[in-house]
Each structure stands twice: as structure tokens, then as C-alpha cells.
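The values are calculated or read from the model by the stated rules, or taken from the named source; none is laboratory data. Nothing here was measured: the structure is a model prediction, and the numbers come from that model. Just the protein is used for accessible areas: all its heavy atoms, side chains included, with ligands, DNA and RNA removed. Shrake-Rupley method; radii C 1.70, N 1.55, O 1.52, S 1.80 Å.
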Amino acid sequence: MLSASRHKTATHQEGRTSSGRSVLVAKLVAAAVALGLVLAFPALAPDPFILSVGVVIASYAALAVAWNFVGGMTGYISLGHAAYSGLGGYGTALLVTEAGVNPWVSMIVAAVLVGVAAVPIGIASLRVRGASFVIVSIALVLILLLVAQSWSDVTGGSNGLRVPRPFGTDVLRPEQHERFFYLFVALTLVALVLWWVIDRSRLGTGLKAIREDEDKAQALGVPTFAYKLVVFVVSAFMTAMAGGMYALWFGSLDPIFQFSILTGSYLVLMSLLGGVRSLLGPVVGAVIVGYAVEFFKTQYGDTQLHLVALGLLLALVVLFMPDGVIPWVTAQFDRFRPGDTSIREVDAAQLAEERKALEEAKS
Amino acid sequence: MSGPLLLQSLILGLLLGGLYALLAAGLTLYFGVMRVVMIAHSAFLILAAYLAWFFTAQTGLDPLLSLVITVPLFFAAGYGMQRALLSRLRPATLTMMSVLLTFAIALIIEGGLGYLFSGTQRRIQLGYSSASLELWGARIAVVKLVAFGLAAVSLLALYLLLKKTRFGQALRATIQHREAAQLLGIDTDRIAGFGFGLGLATAAVGGTALALDATIYPSLHWHWIGPLMAIIVIGGLGSIPGAAIAAILLGVTQSLLQIPMGTTWAQTVFYLALFATLMFRPQGFFGGRLAQRF
Amino acid sequence: MSSDPIKHSLATQNLTKAFGGVRAVDNATVSFHEGKINALIGPNGSGKTTFFNCVTGMIRPDSGTVTYQGRDVTGHAPHRIARAGLGRSFQLCRIFPRMTVLDNVLAGVRSTGLVHRLRGAHNPDDIARARELLARVGIEHLERSEARDISYGQQKLLELAGVLMAEPDTIMLDEPAGGVNPALIGRIATLVRELNAEGRTFVIVEHNMELVMSLSDHVVVFDRGRPIASGAPADVQNDPRVLEAYLGV
């Protein structure tokens with residue numbers, strides 16, 4: 001076993017390009033299979049309830065990917081992204097009910113408005129380093145909850161708002177779920193493509209540099225504030241889109257759930273769990289956490305223990321797997337494959353040693 | 001608006017501001033020694049309030065006596081929390097990860113309180129609960145005065161501790177410049193732990209003061225953490241006097257605004273002030289070197 | 001202080017920065033010679049790094065001005081100063097630990113406008129330039145490694161490659177020889193000479209006197225936050241004020 005892995009190291013250099021290609025092919029196949037399964041889910045779901053859980057998880061996936069524009073790329077952790085999804089939801093609802101705008105147009109217009117509102121918020125919270133950003137992110141949810149509950153003329157106060165369904169009343173409940181499931185999956189895909197485009201761009205490299213060392217990035221000429229602001233606004237916009245879509249699906253908005261710190265922290269947990277540095281990490285995290293949350297709700301109902309469980313899980317991830325569960329698992333595997341550690345240099349002494357080991361293995 | 005009503009609001013605002021000041025001082029201590037935004041501060045505040053309520057409910061003694069237990073307990077918890085949990089985090093991501101970790105602790109406390117004591121609102125009934133003083137027509141509840149007195153005495157003690165003792169000097173040196181403090185032979189890790197302990201002790205005192213005259217429930221801490229965080233940013237992160245001044249000013253403003261706007265809207269003053277501060281003076285109004293970079 | 005043929009592209013006027021009661025930089029008026037290798041020396045705690053940080057915008061000075069190529073850049077954001085052509089390294093070397101060596105260098109690419117910035121980071125032009133720079137500092141074989149996994153000396157070379165990617169005219173190095181082995185010091189010195197010969201100005205903070213004396217054309221000596229002497233290396237070496245500052249006589 002040991003000598004076999006050493007052998008692998010020795011052939012690592014020339015094997016890299018072809019193995020890189022086969023890894024890519026394997027990844028593409030896996031992605032295609034996963035997407036196929038996702039798309040087949042509504043057909044496979046045994047009953048409308050499971051289907052609705054699927055819709056919730058898909059909405060979480062869209063939200064988590066949207067969150068990860070800021071969290072993953074810059075390393076700035078927002079606990080208050082519920083503010084943007086909530087605003088997107090309320091904005092959509094108000095445009096539909098008060099102004100009679102087409103629901104889909106409402107959703108997009110509301111998200112654009114949230115994106116515009118995110119500019120001053122970003123200016124206030126991103127000019128200085130992380131602490132202020134976190135504080136503003138939490139404060140924003142708290143203030144919006146206050147406003148939503150108090151300004152009853154507009155927001156319906158604690159009763160919230162009802163949102164008419166975008167598909168006619170002749171479309172039955174399961175059919176609604178199915179359509180919204182696909183809509184959320186599509187939204188998630190759009191967010192993923194956008195994330196991927198930014199991630200691989202020069203902008204993305206600058207953002208990752210900010211995440212690693214903001215001073216250093218600035219000293220290299222990266223306009224850190226502007227970069228952070230761009231992804232922050234994109235993130236707010238995508239989050240609001242998901243929030244608006246949720247409002248159209250769910251049909252009613254309750255301020256307690258719309259502007260909830262808890263929702264924001266689910267998104268953080270999802271992304272952290274799956275790994276903020278990877279494209280699909282938040283999606284994987286959304287499936288795990290989303291399922292766990294829904295499972296907990298149905299099994300134990302409205303108990304305070306879910307707060308304790310969430311807190312413990314979050315603390316464990318932060319303390320022991322800050323890079324995410326998937327990266328952590330991969331790292332554990334990599335330990336047993338010395339050839340794939342990130343030092344790609346093979347010096348003469350090492351080569352000699354490997355040759356010796358190979359010979360020993362042969363004899 | 002009548003004169004006595006105005007006076008009453010002013011006094012109530014000052015009294016509330018005193019409590020804010022004590023709690024914000026604790027929050028500033030954590031930030032100073034470790035650059036940590038301690039989200040669980042207000043959860044510990046509510047925990048202390050619950051402990052005071054539970055103490056009185058079980059023993060029938062005055063809740064102030066619970067301080068004998070909660071203050072050392074919280075000090076030790078703060079020290080332990082810093083040494084066992086927060087110091088494990090990687091320095092590069094400390095600010096963000098500590099927020100998440102303390103947020104997680106806040107959730108655990110809130111959930112634990114809800115599980116143990118249910119979500120029911122609790123209130124301590126004391127012999128002097130309904131007593132009040134009259135001053136030129138303004139009515140001020142005695143419990144509020146006691147709460148303020150407690151906060152003021154603790155804040156004064158904290159001030160003396162920081163200014164007059166060697167420990168305080170070491171703590172201030174650690175806050176100002178950790179590396180330099182290490183060069184002076186200060187064990188900054190221990191000091192950081194003690195700084196956390198002190199911070200949490202303010203939550204213990206604050207919680208008891210709060211329990212005297214407020215109705216408490218597990219999720220109440222969210223109503224406190226927002227204003228407190230706003231206060232430390234406006235005061236300038238890391239500056240205890242700054243936090244105290246901002247706390248008093250905002251406490252009074254909030255109290256005065258309650259007359260025309262009602263309690264809910266008056267609370268938004270904290271967030272508006274926070275937003276305006278970050279827009280126009282991100283380093284806060286009384287902040288030092290630290291504030292410019294966080 | 002200046003004799004005519006010498007040009008000063010980088011200069012400070014009465015620069016002051018205090019931390020609490022301590023003036024780390026105290027009324028410092030300094031000018032560096034364009035196209036030369038300038039050294040900034042002084043005892044520990046004499047304010048050299050703070051001076052660096054004020055000049056490069058990392059810290060806003062309390063008073064005084066910094067001019068670069070005739071423009072007042074005092075208080076400008078660090079990225080603007082960097083884009084004006086002033087690159088820097090950090091004391092104790094700062095790289096992006098969890099990015100690959102190649103991406104570390106690519107982070108220094110100068111780009112403008114949204115379209116330009118949305119171009120793939122791994123485009124052939126940028127990669128070719130980055131590889132060229134990695135080869136120049138001699139660590140091209142490490143390009144796929146994560147930066148945290150390479151040796152400290154290699155990280156120093158990587159930092160320099162990243163700074164070069166941003167195409168600076170003037171490069172400020174904070175203790176380039178600090179903590180590296182003699183062989184590598186020689187390599188860094190050679191690189192500095194070559195880059196200087198291509199027209200780049202250097203300002204180097206360094207404690208290794210042998211290196212300073214052999215490498216630099218112009219030396220500025222700092223003590224207690226301000227320059228106390230400046231001139232050719234040989235002159236400075238024999239200046240009694242310098243000896244006093246170093247030995248505390």
C-alpha cells in the first residue's frame with residue numbers, strides 16, 4: 001500500500017495532464033448525473049409534501065449560492081442576508097398587490113430595487129474591515145423586522161402580506177410545487193454560472209486575494225472596496241430574487257420568518273458546511289441543512305432544542321472544519337495520498353528515495 | 001408635550017443609558033483584547049437575568065444577592081470561553097469566525113433557556129417593585145434607580161480597575177498594541193482571557209439590573225445586541241469612554257423619541273445612528289487607532 | 001539637500017504619525033533618488049515600517065505630505081498608490097497563503113473596467129507574464145503549489161514576483177533579507193540590481209549592513225521617527241550621528 005502510493009508519486013509528474021483530464025470528465029459526468037437526479041425529483045417524489053420540502057431545499061440552495069458571492073469570495077460573513085430575501089419578498093408582494101404589476105416582473109423589479117438599496121448599505125459597511133460589516137448585517141435584519149411589524153399600513157404589520165399565486169387557480173397545488181421547484185433550480189443554476197464566471201475572472205482573483213489578506217491585496221493595487229461592493233450588490237440582488245420567488249410560491253409573508261436572523265444563519269451554516277471556496281459547496285450544504293431543518297420541524301415540532309442543535313452544529317463547524325465538511329473529508333483522504341499534497345515539486349533527493357523504495361518493492 | 005413628561009423621559013433615558021454603557025463597555029473589552037464582536041454578550045445578559053429571577057423565585061431573597069454567584073461564574077465562563085474556544089481560531093479569520101462562534105453560543109443559550117424555562121415571559125416581583133419617586137412631577141420607579149446605581153457602580157469599578165491597577169495597565173497595553181505588550185513581558189493570552197472574563201461579568205451585573213424591572217423571555221437578547229453593537233461602533237470600536245458616551249446619548253435620544261414615536265420606532269434611532277456613523281465617520285466618534293481598521 | 005542632476009520621484013515633507021503618545025514618525029522630510037537603490041536604515045523601533053506604511057497609504061499620516069512623481073498622494077488609498085506605480089513588500093513577507101503560487105502572482109495584474117476584469121484570470125497573456133516573473137525569481141517549478149506550502153525564502157521570492165506583476169516604477173522592500181539564508185540573500189541582491197538596471201527605483205529597509213552597503217547608492221538613516229543622516233553608503237557609515245543612534249553612545 002505504502003510503496004504503491006510512492007510509486008504514484010514518482011509517476012505523478014508526467015501523469016498530471018492526462019489525470020487532470022480524466023478528473024474533469026469524471027466531474028462533468030457526476031454533475032450531469034446530479035442534475036439529472038435533481039430534475040427527476042418531482043417525478044420521483046412520493047407525495048406533495050415531500051415535493052414541497054424539495055421546493056424549500058431548492059430555495060435554500062438558491063439563497064446559499066447567492067450568499068456565497070460575498071461569504072465565499074471575500075470571506076466577509078453576513079448573518080443578515082434574510083434582510084435581502086425578505087425585502088425581495090415584500091417588494092414583490094407589494095408590487096403585485098398594490099401596483100398590479102405582473103408577478104415575474106415584480107420579482108425582478110423588486111430584486112433590482114434591493115440591489116440599488118444594497119449600494120449605500122455596502123458603502124457603509126464595507127469601507128472598514130469585517131467587524132462593522134457583521135454588525136450592519138445583523139442590525140439590518142433587526143431594523144427591518146421592526147419596520148415590517150410596525151408599519152402596518154404598508155407591510156400588514158405582524159399579520160404580514162398575502163401574495164396572489166402567479167399561476168391561475170386552475171393549477172393545482174402539486175403542479176405549483178413542481179413548477180416552482182424547476183424555477184428555483186433554474187435560479188440556482190443562474191447564480192452558479194454567475195459565481196463561476198466571477199470566480200475564474202481577474203475580479204475573482206482579486207476577491208480571493210482580499211479574502212486571504214486584504215492589506216496585501218490593496219498594496220498590489222486591487223481596489224478592494226469597489227470589488228467588495230460589486231459582489232455585495234450582486235449577492236443582494238440574487239438573494240432578493242430568491243426571496244421574491246419564495247413569496248410567489250408560498251403565498252404569504254410573515255415578518256418573523258422573513259426578517260429572521262435564524263434564516264440568515266442557516267445560509268451561513270449551509271455554505272460553511274459545504275465549503276465556501278467551492279462552486280457547489282453551498283448547494284450541497286443547502287441540501288444537507290435544508291433537509292435536516294425540515295426533518296427536525298416535522299419530527300419535533302416547535303421546540304427550542306432546534307436552536308441548541310443549530311448552535312452546536314455551527315460551533316463544531318467553525319471550530320473544527322472552518323473550510324467546510326466536504327473539503328475536510330477530502331483533506332482526510334489526501335493524507336493517504338502523499339503524491340497529491342500541494343507541494344508539486346519533486347526534488348532530486350526525494351526522487352532518489354522513491355527510486356530506492358521502488359526497487360525494494362520489486363525485490 | 002408636558003414638562004414633567006419630558007423630564008421623566010430624560011431621566012429614564014439617562015438611567016437606561018447607564019445600563020447600555022456598562023454592557024457596551026463589556027462588548028468593547030472583548031473587541032479590544034481580541035478584535036472579537038461578541039454576539040453572545042446579550043444572550044449572557046438574558047441568562048444572568050434568568051438566573052437572578054430563578055434565584056429569587058427559589059429562595060425568595062433579593063435578586064441583587066444573586067450577583068454573588070453570577071459575577072464570579074460569568075467571569076470564569078468568560079475566561080474559559082476565551083482560552084478554550086476563541087483562542088483556537090485562526091488569527092487570519094478570527095474576526096469572522098468569532099462572530100459565528102459567539103453567535104452559535106447565543107443560539108445555544110437562547111434555546112437552552114427556552115427549553116428549561118419555556119418561552120413564557122418572566123418577571124421578578126419584589127416588595128419595592130411598584131415603589132416610585134416623584135421629582136417635579138416626573139415619576140421614576142425605584143427599581144430603575146437601583147438598576148442604574150448598580151450599573152454606575154460597576155462602571156466606576158471597571159474604570160478604576162483599568163486606570164489604577166497593574167492588571168488594568170496590562171489590559172490597556174494589550175488592547176492598544178498586543179505585540180508591544182508582549183515585548184514588555186505581559187502575558188497577553190492570559191490578559192485577553194481576563195478581559196473576556198471582565199466583559200462577561202458586566203453581562204452578569206447588567207442581567208441582574210435588567211431583571212429588576214423588565215419582563216424577560218429567551219429571545220429578548222436580540223433586542224439588546226443590535227443597540228449595543230450600534231453603540232460600540234458609534235463610540236469608536238475599542239474605546240470604552242466612547243462607548244459610554246454614545247450609550248448615554250443614545251439612551252436619552254431613544255427615551256425622548258418614545259414620546260412622539262412610540263417604543264418600536266424609537267428603537268430605530270440606534271440603527272439610523274449606526275448607519276450614519278459608518279457613512280460619514282466610519283472610525284466612530286471617539287475611536288482610536290483600532291477603529292480605523294475594523 | 002538635493003544636488004541638481006538627481007531626481008526625486010518619491011519624497012515626504014514633514015510626515016508625522018503618532019500612536020497614542022508615541023510619535024512613530026516625527027516630522028520626517030525625506031527624498032529618495034529616482035532610478036537608484038535607496039536604503040532606509042535605523043535601529044529597531046525607529047519608525048521605518050510606519051514610515052513605509054504612511055508612504056504606501058496603509059496608514060493615514062497625522063500631518064505632512066507624500067509626493068510621488070510630482071503628485072501629492074498623501075492619504076490616498078493603498079491601491080491608488082500602487083497603481084500610480086509604487087509597489088511594496090511587507091516585513092515578514094505577506095503572500096496569499098491559500099492561493100497557488102501562480103494565482104498569487106496573477107493577483108497583481110493591473111486591470112481596468114468591468115469587461116477587462118471579467119476576463120478569465122487564467123488567460124494566456126497573464127499566465128505567460130506571471131510565468132516569466134516566476135522564472136525570473138526562480139520558482140517557476142512551484143506554480144501549482146499552495147503558497148503556504150513553499151519555504152519562507154521561496155515565499156519572499158514569490159512576494160517579489162507578485163509586486164513585479166503590478167508593473168511598479170518604484171519598489172519598496174521591507175527587510176528583503178530578513179530571515180533568509182545567505183545564498184538567497186545573494187539571489188535577492190542580484191535581482192534587485194538587475195531590476196534597478198532596467199530603470200526601477202528601489203527603497204529598501206534592511207538591517208543587514210553588509211547588504212545595505214554593497215547594494216545601495218543612497219542611504220537614509222532613521223532614528224526616533226525622523227531622518228538623522230543621508231548620503232552615499234561610505235559617508236553614512238562614518239557619520240558620528242549614525243554611530244550614536246545605533247550604539248546609543
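Assorted remarks:
- Over 26 Å [Cα-Cα, chain C], rounded percent: 40 percent
- Surface composition of segment C:144-249: carbon and sulfur atoms hold 49% of the protein heavy-atom accessible area at a 1.4 Å probe.
- Highest-fluctuation residue, B:102, B:93, B:215 considered, GNM on chain B with Cα pairs under 10 Å: B:93
- Accessible-area composition of chain A, carbon plus sulfur, in percent [1.4 Å probe]: 68 percent
- Size descriptor, Kirkwood hydrodynamic radius, that averages inverse alpha-carbon separations across segment A:29-323, Å: 19.4 Å
- Across the alpha-carbon set of segment A:197-259, the Rg to Rh ratio works out to 1.21, Rh being the Kirkwood radius.
- Residue-wise HN-Hα coupling along segment A:71-87, computed from phi with Karplus coefficients 6.51, -1.76, 1.60 (Hz; x: Gly, Pro): x, x, 7, 9, x, 7, 9, 9, 8, x, 5, 4, 4, 6, 5, x, 4
- Gaussian network model of chain A, Cα within-10 Å springs - most flexible of A:263, A:303, A:205: A:303
- Cα long-axis angle, helix B:41-59 against chain B (0 to 90 degrees, to the nearest 10): 50 degrees
- Top of B:284, B:206, B:149 by mean-square fluctuation, Gaussian network on chain B, Cα under 10 Å: B:149
- Over all distinct Cα-Cα pairs of segment B:3-293, the Kirkwood formula returns a hydrodynamic radius of 19.3 Å.
- For q = 0.04, 0.10, 0.11 Å⁻¹, Debye-computed log10 I/I(0) when each Cα of the protein assembly as shown counts as one equal scatterer: -0.21, -1.23, -1.39
- Taking a straight Cα-Cα cut-off under 12 Å and skipping sequence neighbours fewer than 8 places away in the same chain, the aspartates and glutamates within cross-link reach of residue B:144 are B:213.
- C-alpha long axis of helix B:94-117 to longest principal axis of chain B, angle in °: 40 degrees
- Separation of the alpha carbons by more than 24 angstrom is noted, of C:36/C:156; A:216/C:7; A:216/C:156; B:164/C:17; A:216/C:48; A:208/C:156, for A:216/C:7; B:164/C:17.
- Each 5 Å bin, from zero up to the one with the longest distance, holds this percent of the alpha carbon pairs of segment A:133-228: 3, 10, 10, 9, 10, 15, 15, 11, 10, 5, 2, 1, 0.
- Remark: segment B:3-293 carries 40 Å² of accessible area per residue (probe radius 1.4 Å; ligands, DNA and RNA excluded).
- For segment B:1-126, projected area of the alpha-carbon convex hull averaged over all directions, nm²: 10.3 nm²
- Between helix B:221-235 and chain B: long-axis angle, C-alpha atoms, 0 to 90°, nearest 10: 60 degrees
- For segment B:109-150, alpha-carbon Rg and Dmax in angstrom: 15.2, 45
- The sum of -39500 (n - 2.57) across all DSSP H runs of n ≥ 4, divided by the residue count of chain B, sets its helix-only mean residue ellipticity at 222 nm to -25000 deg cm²/dmol.
- By the helix-only formula, in which each DSSP H run with n ≥ 4 contributes -39500 (n - 2.57) and the sum is divided by residues, chain A has a 222 nm mean residue ellipticity of -26500 deg cm²/dmol.
- Just so you know, the averaged projected area of the alpha carbon convex hull for segment C:21-65 sits at 3.7 nm².
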